[in-house]
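A quick write-up on the structure given underneath.
The values are calculated or read from the model by the stated rules, or taken from the named source; none is laboratory data. Only a predicted model underlies this, so the values are computations on that prediction, with no experimental measurement involved. Note: ideal-geometry Cβ built from the backbone for every residue, glycine included; neighbour counts use all protein chains shown.
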Amino acid sequence: MELYKDDFRYPSVNNWVGYVKARAFTANGAIPLPDVTVIVRSAEENGEAIDVELKTDENGETPTAEVPTPLASAGDAPGETRPYAVYDIDAYLPGYYPYRAIRVPVFGDTLTVQPIGLIPLPLYDGDEVRPDIPGEGTVPQENAE
């Protein structure tokens with residue numbers, strides 16, 4: 001493996017890390033979503049393949065993941081290494097459209113929190129009701145006549 005002077009993507013070369021966390025929700029942030037699968041993947045070209053899989057808890061938050069980044073002072077001199085690494089963040093939950101954020105900057109020794117707003121899939125697929133909707137077709141007793 002050949003390394004370049006500005007190649008910060010290899011943890012064996014340095015120990016600089018940044019931190020990534022995600023918060024998944026629906027209804028414009030009103031409802032947190034548990035059990036969302038969140039994948040943090042390196043978007044660096046010629047970099048080490050970083051692939052971290054996280055799950056959200058009952059509050060819609062993932063644990064904090066450590067990812068390789070350049071030293072925070074790397075951007076002090078113009079034309080040198082940029083002071084951040086870039087990652088793609090994907091999120092999946094059955095019943096919701098998939099989510100993707102591309103080239104999210106992560107700075108060294110800093111926590112990056114990615115908000116993930118998931119949109120529910122439509123209730124109807126063509127002429128058929130989605131079978132996984134609980135209570136579909138039932139009328140609440142207080143409204144039944």
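Here is the figure for region 81-104: residues that are of a type in the set (Phe, Trp, Tyr) and closer than 19 Å to LYS21 by Cβ total 4. One residue stands out in region 108-126 among those that are at pLDDT 90 or above and part of a strand (DSSP E or B): the one that is farthest from ILE39 (Cα to Cα), namely PRO120.
Would you point out which residue out of GLY79, GLY95 is on the phi > 0 side of the Ramachandran plot, at pLDDT 90 or above and of a type in the set (Gly, Ala, Ser)? Show your work before the answer.
Values: GLY79 fails: at pLDDT 90 or above.
Going through GLY79, GLY95 in turn, the sole match is GLY95.
Among the residues making up region 28-59, those that are touching a Lys or Arg at 6+ places or on another chain (Cβ under 9 Å), in a strand (DSSP E or B) and either surrounded by 11 or more Cβ atoms within 10 Å (Cβ to Cβ) or at positive phi (or both) are PRO32, THR37, VAL38, SER42, VAL52, LEU54.
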